[in-house]
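These notes are about the structure you will find just below.
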Amino acid sequence: MASDRRTLLADSALDVLADEGIRGLTHRAVDRRAALPPGTTSAYYRTRAALLTALVTRLVRLDQAELETLPGQLPPLRTVEDLVDGMVLLTRQRLTGEGRRRSLARYACAVESVRDPELREILVPRENAGREAVRLFLAAQGVTDAEERTHTLLTCLDGLVFDRLVSGGEVPREALEGLLVAALHRAPRPR
């Protein structure tokens with residue numbers, strides 16, 4: 001029961017953060033969102049730091065679950081078009097519905113992590129099936145530094161999601177194609 005209550009509180013904290021921003025994230029607001037008696041959140045997560053840590057841990061678990069299932073929603077990545085289709089799917093998931101709410105919370109937590117090494121450590125990108133599929137695709141295309149290019153490509157993708165989260169609309173397919181072309185481009189040889 002305590003584990004279920006902790007998950008409910010972390011999910012409620014995520015919702016409060018997505019709806020009200022970091023300033024709105026209080027123990028009382030989480031109690032209200034979870035429809036629990038006042039003081040419940042404080043009993044489980046005594047400090048704001050403990051609440052944020054629980055929220056970020058839950059957020060990462062939800063994101064990882066999404067990224068683990070993403071390759072199964074697509075055909076095997078054999079062509080540039082296949083990978084762009086996957087990137088389109090991911091950006092749509094991150095900009096709509098529950099994914100949008102998690103994106104809002106993720107970026108607020110990322111800003112908080114600048115001052116909190118514990119949060120930063122939890123938010124560090126993890127290995128998952130989606131990341132590995134991109135890395136394997138780039139390596140199969142002859143990219144020699146596939147690990148670094150995967151990181152750069154996914155960081156740029158994240159930046160496009162952030163931009164559209166703030167400015168509205170979808171990430172244009174052409175922008176995603178451009179990112180992938182850049183990731184596949186062979187670096188100039190050192191002189």
Given Cβ charges of +1 for Lys and Arg and -1 for Asp and Glu, the option among 89, 167, 49 whose Cα lies farthest towards the positive end of the dipole of the chain is 49
Largest-first semi-axes in Å of the equivalent ellipsoid built from the Cα gyration tensor of region 9-63 are 16, 12, 10
For the chain, averaging the sequence separation of alpha carbon pairs under 8 Å that lie six or more residues apart and dividing by its residue count, the contact order in percent is 21
Any chance you could check the Cα centroid distance between region 1-32 and region 104-176 for me, in angstrom? 25
For region 67-175, max minus min Cα coordinate along each principal axis, in Å, sorted largest first? 39, 30, 23
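Every number in this text was worked out from the coordinates using simple rules, so none of it is lab data. It should be emphasised that the depicted structure is a prediction, and the values quoted were computed from it without experimental measurement. Note: ideal-geometry Cβ built from the backbone for every residue, glycine included; neighbour counts use all protein chains shown.
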